[in-house]
Amino acid sequence: MAKIHAVSTHCPPHALPQNMAEEFIKELFSGKIAKLDRYLKVFKNGEIHNRQLAMPIEWYKEEHSFSERNELYVELATEYTAKVIEDCLESASVEKEAVDAIIFISSTGISTPSIEARVMNQLSLPIDIVRIPIWGLGCGGGAAGISRANDYCLAHPDAVVLVVCLELCSLTFQPDDLDKSNFIGTSLFGDGVACALVAGDEASLSPKETLPSIKGNASRLMPHSEDVMGWRIEDSGLHVIFSKSIPPIVENWFAPFVHDFLNTHDSKAQDLTQFILHPGGKKVLTAYEKALNLPNDLLAPSSHILKNHGNMSSPTVLYVLKYIMENKPSKGEKGLMASLGPGFSGELVLLEWE
């Protein structure tokens, strides 16, 4: 089975403490939203302390067209992706020429040619790399990218695959959208990019440490749930859709999915010592805890990433994975990677350190 040899991350340059985000929203929406003070409590209750944004806070106070936002997305996505790929290759001690495929995942901007093609030119990567751009997975994209890399390595056991997840959620912010979803999204979302290097078991790499090996993966769609999470696309750009039913869905729908998946691999939740869960928000973490009957300390890595970076959509779960890998789990430890996204859908990956 494929192994994850390295994960790198890159944070945009503009830090946004949560109290500053709250003041920004209070100033912007004062007099426009009824019961604003009540809504502002989500900033304090969300257990997010800091986030990183692509642009300084003053930029978000101004009107920007969809085309202006998207041009900025393409420019910064190309820059950040190039940086995170170089860091990941260096961390894994892998040369550019060894890369066989790039899976690029993003849902916060549009680019044709897609971002990985632009980066291939910028970094002078081999021209015969297989490109697999994926759009629309949202928060579910991180674990889905690892799953698709594993699928590719099963077909090509000697392959080296880069999985890049990039989201510039802040560029989608709508200062005139008074919908509650826009407000909640502003309290949660940050920007970020992550890259994982996944290699098949016949790849000519020589790892010097214990690495997570992918033992299985699964996808599941919740029928007729398109309105739970996603984007509403208007002339002004992307408008976020959030349903208050997400935490109950995690409790009632996600748990059977996990148990079915683990049973398929002769495992159960109690066998796992590492949980690499996408931290959609405080309520989602609490729902994970209840759904899987987990001790609170097993959610500490996800909580740590949420606290320091917010919800960055697809790259977030790879930030959690990097954090866990840096703490060097012991040989034989098993872990579950999970992320949930639009559809409504889920992706699971079973890992074992070897």
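I want to check the label-to-label distance for E23 and S93. Put each point 7 Å from Cα in the C-beta direction and report it in nm to one decimal.
Using points 7 Å along Cα→Cβ, the separation is 4.8 nm.
In region 1-102, which GluC sites (Glu not before Pro) fall in coil by DSSP and have 15 or fewer other Cβ atoms within 10 Å?
Taking region 1-102 and a limit of 15 other Cβ atoms within 10 Å, the loop GluC sites (Glu not before Pro) found are E47, E62, E63, E95.
Can you give me the orientation-averaged projected area of the convex hull built on the Cα atoms of region 144-211, in nm²?
About 6.5 nm², averaged over all directions.
Could you tell me how many degrees, from 0 to 90 and to the nearest 10, lie between the Cα long axis of helix 316-326 and the main elongation axis, the longest principal axis, of the Cα atoms of the chain?
Taking Cα atoms only, the helix is inclined about 50 degrees.
Just grab the label-to-label distance for W231 and E71, each label 7 Å out from Cα along the Cβ direction, in nm (one decimal).
1.8 nm
What FRET efficiency comes out for the pair K283/H304, r = Cβ-Cβ distance, R0 = 25 Å, nearest 0.05?
0.90
Springs between alpha-carbon atoms under 10 Å, Gaussian network over the chain: tell me which of N182, N252, N217 tops the mean-square fluctuations.
N252
Looking at the chain, which Cys residues are left with no other cysteine's beta carbon under 4.7 Å from theirs?
C11, C139, C153, C165, C169
With axes computed from alpha carbons, what is the tilt in degrees of helix 18-29 against the longest principal axis of the chain, rounded to the nearest 10 within 0 to 90?
Between the helix axis and the principal axis of the chain, the angle is about 40 degrees.
Rounded to the nearest 500 deg cm²/dmol, what is the calculated helix-only ellipticity per residue at 222 nm for the chain, with -39500 (n - 2.57) per DSSP H run of length n ≥ 4?
-10500 deg cm²/dmol
Excluding ligands, DNA and RNA, what is the solvent-accessible area per residue of region 171-295 at a probe of 1.4 Å, expressed in Å²?
Value returned for region 171-295: 46 Å² of accessible area per residue.
Using only alpha-carbon positions, what ratio does the radius of gyration of the chain give when scaled by 2.2 N^0.38 Å?
Taking the Cα Rg and dividing by 2.2 N^0.38 Å, one obtains 0.95.
Between helix 300-309 and the chain, what is the angle of the helix's C-alpha long axis to the longest principal axis, kept within 0 to 90° and rounded to the nearest 10?
Between helix and principal axis, roughly 50 degrees.
In percent, what relative contact order does region 1-137 have, based on Cα pairs under 8 Å that are 6 or more apart in sequence?
Numbers: 128 pairs, mean separation 36.1, N = 137.
Computed over region 1-137, the figure is 26 percent.
For the chain, which whole percent of the accessible surface, found with a 1.4 angstrom probe, sits on carbon and sulfur atoms?
Roughly 50 percent, rounded to a whole number.
From the mean inverse distance of alpha carbon pairs (Kirkwood) and the Cα radius of gyration, derive Rg over Rh for region 102-166.
Rg divided by Rh gives 0.96.
Hey, what does the equivalent ellipsoid look like for region 176-329, semi-axes from the Cα gyration tensor as sqrt of 5 times each eigenvalue, largest first, whole Å?
Working: eigenvalues 170, 80, 52 Å².
Equivalent-ellipsoid dimensions as semi-axes: 29, 20, 16 Å.
Treat every Asp and Glu Cβ in region 239-330 as -1 and every Lys and Arg Cβ as +1, leave all other atoms uncharged, and give the resulting dipole magnitude about the Cα centre to the nearest 20 debye.
Value, rounded to 20: 360 debye.
Can you grab the distance from the C-alpha centre of region 10-54 to the C-alpha centre of region 116-181, Å, no decimals?
27 Å
If you take the Cα atoms of region 1-129, find Rg, then find the Kirkwood Rh from the mean of 1/r over all pairs, what is Rg/Rh?
1.08
The values are calculated or read from the model by the stated rules, or taken from the named source; none is laboratory data. Given the structure is predicted, the values throughout are model-derived calculations rather than measurements. Because the Cβ atoms are built from the backbone with ideal geometry, glycine has one as well, and the counts that use them run over all protein chains shown. What goes into the accessible areas is simple: the full protein's heavy atoms, side chains included, and nothing from ligands, DNA or RNA. Shrake-Rupley method; radii C 1.70, N 1.55, O 1.52, S 1.80 Å.
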